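The values are calculated or read from the model by the stated rules, or taken from the named source; none is laboratory data. All values derive from a computational prediction rather than experimental measurement. Neighbour counts run over all protein chains shown; Cβ positions are idealised from the backbone, glycine included.
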Amino acid sequence: MRSILLPALPVARVQVLRVLVYAFVVLDILTLSGDVIAHAGNSDFYTPLLLARTLHIPAVTSLVAQLLRAVILLACVAAVAGWKPRISGAVVALSFWAWMFYSQGYGYVAHDHMALMVAVAVLPTVATPSAHRPGDPASPDGPAELAVIGAPVDEPRSEAAGWALRCIQIAVVATYFFSIVPKILYSGSLAAWGNSAILTWASVRRGSLLAHWLVAQTPWVFVPAQWIGLALETLSPVVLFLRGRALYIAIALYMSFHLATLVLLGIHFLPTVICWAAFLPLERWRELGRDRRKGRAPRTPRTPAEGSGSGSGSGSGSGTMTA
């Protein structure tokens with residue numbers, strides 16, 4: 001169980017994910033959840049969520065909304081820039097959660113933000129390792145340890161990084177799996193929902209021109225499409241145990257699902273889509289950039305004592321996808 005919930009994963013993966021998540025939070029509060037500003041002054045419509053009621057969070061005011069937005073923006077910029085990521089990340093977590101309480105506390109709850117809220121909560125728990133690397137002039141080992149530019153260097157790993165990534169992965173999967181519950185409550189059973197005309201109705205009500213064309217020309221595709229969606233939601237926990245190519249294929253299937261709902265119905269689920277990055281070996285992005293920079297640098301001459309040591313290698317230290 002420890003290896004499942006606390007796998008030792010590269011800290012660099014968390015560092016790259018921080019940039020993606022905090023950059024998206026900036027986009028989110030300015031667009032997708034920007035309704036918090038408009039909610040100010042509408043306290044009569046405030047219906048706080050359970051946790052907001054427990055914490056006795058009052059209705060948002062214009063001053064509170066503006067201050068929250070400013071704090072989130074400044075903290076996200078600091079976190080993306082790498083300034084004290086645990087402190088700036090904690091500020092993002094607290095302020096963004098408060099922001100989402102107000103966004104979701106006026107009659108509409110969008111479950112596509114669940115994984116994003118988990119992400120901002122757990123990312124600050126991972127410590128950032130020292131910037132010194134073996135072979136760097138500033139490192140204790142000195143430059144003599146590096147036989148040649150481009151030599152392999154193992155990325156530091158930690159269970160804290162694995163735990164944070166695993167929490168985000170579980171939240172992503174739960175977003176799909178628990179969406180089965182309202183389908184059962186509204187339709188009586190998954191079979192009733194799968195065989196219903198809900199997707200046809202949605203396409204007529206809010207669909208694109210392509211969706212309207214499908215309703216008119218190929219109405220038979222909607223019931224199979226509903227069953228495909230149900231299968232993806234029901235089997236989503238399997239993703240947590242996939243590795244390598246199988247994981248890539250699974251991610252591609254879910255991304256195709258979201259692309260289809262975006263094109264047909266205008267439903268994007270971007271906060272969840274961003275959090276799918278927690279399944280990817282993001283540390284390789286850093287290695288690609290590092291290798292590109294090293295490719296322009298002159299190679300360090302070998303000494304006779306270095307013999308036939310390896311002159312190049314992968315900086316990732318992980319050849320397969322790890323979840």
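Pairing each residue of segment 228-246 that is in contact (Cβ under 8 Å) with a residue 24 or more places away in the chain with any residue that is surrounded by fewer than 14 Cβ atoms within 10 Å (Cβ to Cβ) and among the polar types (S, T, N, Q), provided the two are 6+ apart or on different chains, yields C-beta distances under 8 Å for Arg243/Thr320; Gly244/Thr320. For Ala52, the requirement of being touching a Pro at 6+ places or on another chain (Cβ under 6 Å), in a helix (DSSP H, G or I) and in the same structural domain as Arg166 (by TED's automatic domain parsing) is not met. Taking segment 6-49 as the range and being part of a loop (DSSP other than H, G, I, E, B) and over 20 Å from the mean Cα position of the chain (by Cα) as the test, the residues that pass are Ala40, Gly41, Asn42, Tyr46, Thr47, Pro48, Leu49. Residue selection: Ser3 fails the criterion of being part of a loop (DSSP other than H, G, I, E, B) and not aliphatic (A, V, I, L, M). Residues that are in contact with a Ser or Thr (Cβ under 9 Å, 6 or more places away or on another chain) and within 15 Å of Tyr176 (Cβ to Cβ) within segment 251-267 comprise Tyr254, His258, Ile267, listed in sequence order.
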